[in-house]
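A short write-up of the structure that comes next.
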Amino acid sequence: GVALLARAGSGIIFLPALAGGWVMGTDAVELNIPQMTFYRTAFLTGETPFWNPYIAVGFPNFISMAGFPFAPPYLLLYFLPAATVHYLGIWLTLAAAFFFCVLFARSIGIGTWGSLVAAAAYLAGNIHFARDLVLATAIFLQATLFWIVLKAHRSSSTRAFIGWAALGGAVVGYGFLMSSYFPLLYIGTALFAFVLFLGIKRRATGRSLTQMALFLFLMLFIGALIGSLQLV
């Protein structure tokens, strides 16, 4: 139910953009959508998407702030125009951010309605990051990674602990593939502070500070391995 509500609420906000009525932000107009258009053309014509001669005189795309050519949302470029994929990606990304923010709020004891209000406030407070798909990804990363860290802290088995690390690593890797570099630096710093807090305020069933520090390292290491496709 929360997932459907998140998608419906975000969809209402972004309906004009999804319908092609308007666009937001110079990054989307000048970088993201043109780069995605190049990716789409390369995919459909069988040419390499790793070298765009129209941006910075052939600047290699695999270090572009527009994202890795084969990042998951960009696979939709095989079927849909670039602008549609861009705003559809923003919609789904913010809906996922809303959903995981609700989960995080519920995990710290906030009720259902309070969690919904918290998630709405979270999106509203970060609306300046919703101007393009790359920056919108950061809103999703922060809410999701904080929830994963908290779940790992409360996990009771080694298998679950490793599973949460793998899931967190996949989310971090997704962030690298979407080129959310500087937001990941901020989010990683905040996660480190959160791990310290959890370690100091450890409950009887919680993981120790050493275990959580190891978890954070594993999560970021796995994410860097996945992101090495983009970070090369």
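The values are calculated or read from the model by the stated rules, or taken from the named source; none is laboratory data. All figures in this text were calculated on a predicted structure; none of them were measured in a lab. No Cβ is skipped: glycine too gets one built from the backbone with ideal geometry, and neighbour counts run over all protein chains shown. For accessibility, only protein heavy atoms count, side chains too; no ligands or nucleic acids. Shrake-Rupley method; radii C 1.70, N 1.55, O 1.52, S 1.80 Å.
Tabulated values for the structure
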| item | result |
| --- | --- |
| Among (1) in contact with a Leu (Cβ under 9 Å, 6 or more places away or on another chain); (2) within 30 Å of ILE33 (Cα to Cα); (3) at pLDDT 90 or above - the single one ASP132 does not satisfy | (3) |
| Selection from segment 117-136 of residues that are among the aliphatic types (A, V, I, L, M) and surrounded by 15 or more Cβ atoms within 10 Å (Cβ to Cβ) | ALA118, ALA119, ALA120, LEU123, ALA130, LEU133, VAL134, LEU135, ALA136 |
| Residue list for segment 87-113, filter: in a loop (DSSP other than H, G, I, E, B) and free of Cβ contacts under 8 Å to residues at least 24 places away in the same chain | GLY109, ILE110, GLY111 |
| Subset of segment 187-227 that is small (Gly, Ala, Ser) and in a helix (DSSP H, G or I) - its residue that is modelled with the lowest pLDDT | GLY199 |
| Residue, most open to solvent (accessible area, probe 1.4 Å), within segment 71-86, restricted to residues that are free of Cβ contacts under 8 Å to residues at least 40 places away in the same chain and more than 13 Å from ASN32 (Cβ to Cβ) | PHE79 |
| Qualifying residue in segment 145-153 (condition: more than 20 Å from ARG106 (Cα to Cα) and either free of Cβ contacts under 8 Å to residues at least 40 places away in the same chain or open to solvent by 10 Å² or more (accessible area, probe 1.4 Å) (or both)) | no |
| Residue count, segment 164-206 (criterion: among the charged types (D, E, K, R) and crowded, with 21+ Cβ neighbours inside 10 Å) | 0 |
| TYR87, sole failed condition from (1) within 18 Å of the chain's Cα centre (by Cα); (2) within 21 Å of PHE182 (Cα to Cα); (3) modelled with pLDDT under 85 | (2) |
| Residues located in segment 30-51, provided they are free of Cβ contacts under 8 Å to residues at least 40 places away in the same chain and either in contact with a Gly (Cβ under 7 Å, 6 or more places away or on another chain) or of a type in the set (A, V, I, L, M, F, W, C) (or both) | PHE38, ALA42, PHE43, LEU44, PHE50, TRP51 |
| Enumeration of residues in segment 95-109 that are more than 16 Å from LEU150 (Cα to Cα) and open to solvent by 10 Å² or more (accessible area, probe 1.4 Å) | ALA96, PHE98 |
